[in-house]
1. In the chain, what percent of the accessible surface is made up of carbon and sulfur (1.4 Å probe, ligands and nucleic acids excluded)?
2. Candidates [x] 16.0, 62; [y] 14.4, 44; [z] 14.1, 46; which is the computed Rg and Dmax of the Cα atoms in Å?
3. If you add up the charges near residue 27, with Lys and Arg at +1 and Asp and Glu at -1, over every other residue whose beta carbon is less than 14 angstrom from its beta carbon, what do you get?
4. I'd like to know which of 68, 50, 24 lies farthest towards the positive end of the charge dipole of the chain, counting +1 on Cβ of Lys and Arg and -1 on Cβ of Asp and Glu.
5. With every protein chain present, what is the per residue accessible area of the chain (1.4 Å probe, Å²)?
6. Give me the dipole magnitude in Debye, nearest 20, for the chain about the Cα centre, with unit charges on the beta carbon: positive for Lys and Arg, negative for Asp and Glu.
Amino acid sequence: MDEEILAQIPSRTYRLQNGRIAGWIDELAAMRQAIEKVLHTERFTWLIYTDNYGVELKNLLGEELDLVMAEMERIVREALSVDERIIEIENFQVTQESRDTLLVSFFVTTIFGSIQMEQEVGI
């Protein structure tokens, strides 16, 4: 009987702190950093990343607040769906913090555990 063996991509990576590499992190801490990097990288902007990497927020600039709030969950889910280590995204909430800022919060279940994420987004 042939068994298919799936190799898990290691999660150990460099730790970014204040824009500098500062040691190593692994598993849940590495997932938090990976999610933050995806959400801070505009898709199709940087040649170093594939077209699957990043988030598409630029298209929402100048749009009506209701549209931005409605689209935010879809955009974040789409950006994070590429990472196979992410199992589920739930409890997604978008609240208006100021005239030009939204607070996006959600839980991400990964193969290493769950992470609560909060991200301010300028609109």
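The values are calculated or read from the model by the stated rules, or taken from the named source; none is laboratory data. All values reported here derive from a predicted model rather than from experimental measurement. Cβ sites come from the backbone with ideal geometry, for glycine too, and all protein chains shown count toward neighbours. We work out accessible area using only protein heavy atoms, side chains counted, and drop any ligands, DNA or RNA first. Shrake-Rupley method; radii C 1.70, N 1.55, O 1.52, S 1.80 Å.
1. That fraction is 49 percent.
2. Given [x] 16.0, 62; [y] 14.4, 44; [z] 14.1, 46, the calculated one carries the label [x].
3. Neighbour charge sum, excluding residue 27 itself: +2.
4. Farthest along the dipole direction, towards plus: 24.
5. On a per-residue basis, 70 Å².
6. 620 debye
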